[in-house]
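First up is the structure itself, then whatever we jot down about it.
Here, each number is a calculation from the coordinates, and none is a lab measurement. Treat the numbers as computed from the prediction; the structure is a model and nothing was measured. Using ideal geometry, Cβ is built from the backbone for each residue, glycine included, and neighbour counts are taken over all protein chains shown.
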Amino acid sequence: MEKNREFCKHDMQHFLDVARLMYIINLENDLNLPKYIIYTTALLHDIGRGEEYENGIDHNIASVHIAKKILNECKYDIKEINEILEAIGNHRNNTESFNSLSDILYKCDKLSRNCINCSAIDKCKWPQDKQNLKITY
């Protein structure tokens, strides 16, 4: 559904960029979050985009519902499921800290945008002060 999207795409490159940034920040801040939790969260955080496009459901809410089924099928324990779903559900909420999986996901979702190299930057709805115009990580 994003094949012809002009702006930041929510594709495998985005998911992996988010995961790698999350892992770097996890290491730099000694958060000791397991690598598999970080990658699982990053890979599932936008899985509800299709529901947003087709049915108008906010993708973070749709992503929680879809991810919950996947996490249960993959036999994650209830604590892990709750932590991952909380992060996915909150990944659109602004945070100023790096204290939790939710905080890291929010920040890295934004940091993953390659504004400095974007051909659509002149049409972007993101305010210039939020655009990533230098490489941070």
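Observations, loosely collected:
- Think of it as helices only: each DSSP H run of n ≥ 4 in the chain is worth -39500 (n - 2.57), and spread over all residues that comes to -16500 deg cm²/dmol at 222 nm.
- GluC sites (Glu not before Pro) restricted to DSSP loop in segment 71-134 with at most 15 other C-beta within 10 Å: GLU96
- Pairs exceeding a 21 Å alpha-carbon distance, out of LYS107/LYS130; LYS68/LYS110; LYS75/LYS110; LYS110/LYS134; LYS35/LYS68: LYS68/LYS110; LYS75/LYS110.
- Average Cα contact separation per residue, the chain, under 8 Å, 6 or more apart, as relative contact order %: 24
- Computed magnitude of the charge dipole of the chain (debye, nearest 20; Cβ of K, R +1, Cβ of D, E -1): 300
- Helices meeting the span-like rule in the chain (full DSSP H runs, Cα extent of at least 20 Å along the helix axis, mean Kyte-Doolittle score of -1.0 or higher): 12-28, 59-73.
- Sparse-neighbour loop sites [trypsin sites (Lys or Arg not before Pro); segment 25-133; at most 16 other C-beta within 10 Å; DSSP]: LYS75, ARG92, LYS125
- Once the convex hull of all Cα atoms in the chain is built, its volume per residue stands at 112 Å³.
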